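*Asks:* Here it is, the structure in full.
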Amino acid sequence: MNEMLDITLIQLISAYLFIVILLIIVRLRKIPREKEIVISTFRMTIQLVLVGYVLTYIFENEQWYYSVIILIIMETFAIYNIFKRSKHPLNRELKKIIAVSMVAGTLFAFLYFDFVVVQFSPWYDPRYFIPIAGMLIGNSMTGITLGVSSLMEGFSSRKKEVEAALMLGATPNKASQKLVNHAFDSAILPTINNMVGMGIVFLPGMMTGVILSGASPLSAIKYQIAIMLGITGSVALSVILFLYFGYKTFFNKSAQLNI
Amino acid sequence: MFLLKDIHYKDILHIPYLEIKSGEITCLFGESGSGKSTLLRMLNNMITPDKGEIRYQNQSISEYIPMELRQEVVMLGQEPIVFDGTVRDNLLKGLEFSGKPEVDDSSLLALMNELKLHKKLDEDASKLSGGEKQRVAFGRVLLMGAKVYLLDEPTSALDEETENSIMDFVTTEIKKKKKTAIMVTHSKYVAKEYSDTIIYMNEIATTPNNKVGTGHE
């Protein structure tokens, strides 16, 4: 941390010039987005300042339960966010499956990361625990959100096809195989694409952070590779769990379509 | 073969009593909205009546494993559905779903010839016309070698000439192989010409304890 330049308050405020420029452009072009831009800038600032204070406190008072509480808050927020971002109404059962897959998938990947790959010491060290859990949870959240919308979309647009397959004596599994696979594909694709562009198109946030804090780029990329693999695992696992249990909610026990 | 007792389904259908005989071609005849398709879908457990019992071969339909029942009592839906892939893939889809062995190309071509479907097996099925899709879907169902065929307006997208020649072929096949067929149609001609028994939808709902379709007088 000692090699990192501190930004003074004045310098930080000068960065808001970008938003001012954006606001001017938007106003000149008469695009009705001023309110959203102001609100999101404001929210971003407030949220990060609060997080800064919370993290400072937690880093200074390392306790396992602080790390765990933060983890629970992140999971809860992520699950709530998936519900909110779904364009289709979700029934209770599907919500339950989303929550369970999210927690199980991210937690498994995270514990493996914590105890096997990086081996945080202590295991709850908030400097590692919180940002890494955040990245796994955030990416799984995006993955499941995409999976949910693709699955719901598939069942409504290909309903007739699924039904025709059932009429021919197909099991619900076989009848929906195509759209389940498609949902998996669209959920996992952004993560795969992310790996392809890594290092060339952009330096990811985590690596930027590690480099800024004074570590050598080589040790930064080791973290980045590990975290990319962890993210892929976490997304894949939670999406698979969601789809495996999720498609079944569209059928009743007589193998009839529920929708 | 089928015995329906005191069936209620929403506001659409009420059947006090109905028997459908084995080895016959039975037509369900009635105007749209009279519950023909609904009745057909109940027979292979695609929907469950709110009340009442349906027996197939002396056993309640709910006691069968749905997939096994549907492979034995196979249904051709009203809208012809083609799956992604070639004409061959589509014809073989039913066998694939039910885990039965595939049939060779020459049998497929012979069947297509009977269905007046002059297309290549490798052709992309999504490029077919409505009438061609309907015949592919029909062929797919016929290949499954089921005991009972539930056919929901199987020739609705076809011209009269093709309709007649296909119905001639299908009914002869069904008779020859001693199968049962239950067919929904709104064509009086098809109903009269090709069926052994006609069930008039407006009669079964209003006459209690009738035995239309049983053949007994």
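The values are calculated or read from the model by the stated rules, or taken from the named source; none is laboratory data. Values in this document were obtained by computation on a predicted structure and should not be read as measured data. All Cβ positions, even for glycine, are placed from backbone atoms using ideal geometry, and neighbour counts span all protein chains on display.
*Asks:* Check A:ALA99 against each of (1) at pLDDT below 95; (2) over 30 Å from B:MET42 (Cβ atoms) and name the one condition it does not meet.
*Replies:* All conditions are met except number (1).
*Asks:* Checking the condition surrounded by 15 or more Cβ atoms within 10 Å (Cβ to Cβ) and farther than 22 Å from B:ASN164 by Cα, which residue from B:ARG88, B:ARG135, B:ARG140 passes?
*Replies:* B:ARG88
*Asks:* So, in the range B:55-102, of the ones that are over 28 Å from B:SER156 (Cα atoms) and in a strand (DSSP E or B), which residue ends up nearest to the other protein chains (Cβ to nearest Cβ)?
*Replies:* In this case the residue turns out to be B:SER60.
*Asks:* When you check A:ALA165 against the structure, is it touching a Phe, Trp or Tyr at 6+ places or on another chain (Cβ under 9 Å), closer than 30 Å to B:ASP89 by Cα and part of a helix (DSSP H, G or I), yes or no?
*Replies:* Judged against the criteria, A:ALA165 is a match.
*Asks:* Applying the selection to the range B:75-100, what residues are in contact with a strand residue (DSSP E or B) (Cβ under 6 Å, 6 or more places away or on another chain), under 14 Å from A:ALA170 (Cβ atoms) and aliphatic (A, V, I, L, M)?
*Replies:* B:MET75
*Asks:* Show the residue pairs that are 6+ apart or on different chains and have beta-carbon atoms under 9 Å apart, the first residue being within the range A:1-29 and over 16 Å from A:SER40 (Cβ atoms) and assigned to a helix (DSSP H, G or I), the second being modelled with pLDDT under 95 and among the acidic types (Asp, Glu).
*Replies:* A:ARG27/A:GLU34
*Asks:* Which number in (1) farther than 29 Å from A:SER149 by Cβ; (2) in a helix (DSSP H, G or I); (3) free of Cβ contacts under 8 Å to residues at least 60 places away in the same chain; (4) not polar (S, T, N, Q) marks the one condition that A:ILE192 misses?
*Replies:* In the conditions (1) farther than 29 Å from A:SER149 by Cβ; (2) in a helix (DSSP H, G or I); (3) free of Cβ contacts under 8 Å to residues at least 60 places away in the same chain; (4) not polar (S, T, N, Q), A:ILE192 misses (1) alone.
*Asks:* So for the range A:178-188 (the condition being assigned to a helix (DSSP H, G or I), within 10 Å of chain B (Cβ to nearest Cβ) and buried (at least 24 other Cβ atoms within 10 Å of the Cβ)), does at least one residue qualify?
*Replies:* For the range A:178-188, residues assigned to a helix (DSSP H, G or I), within 10 Å of chain B (Cβ to nearest Cβ) and buried (at least 24 other Cβ atoms within 10 Å of the Cβ): absent.
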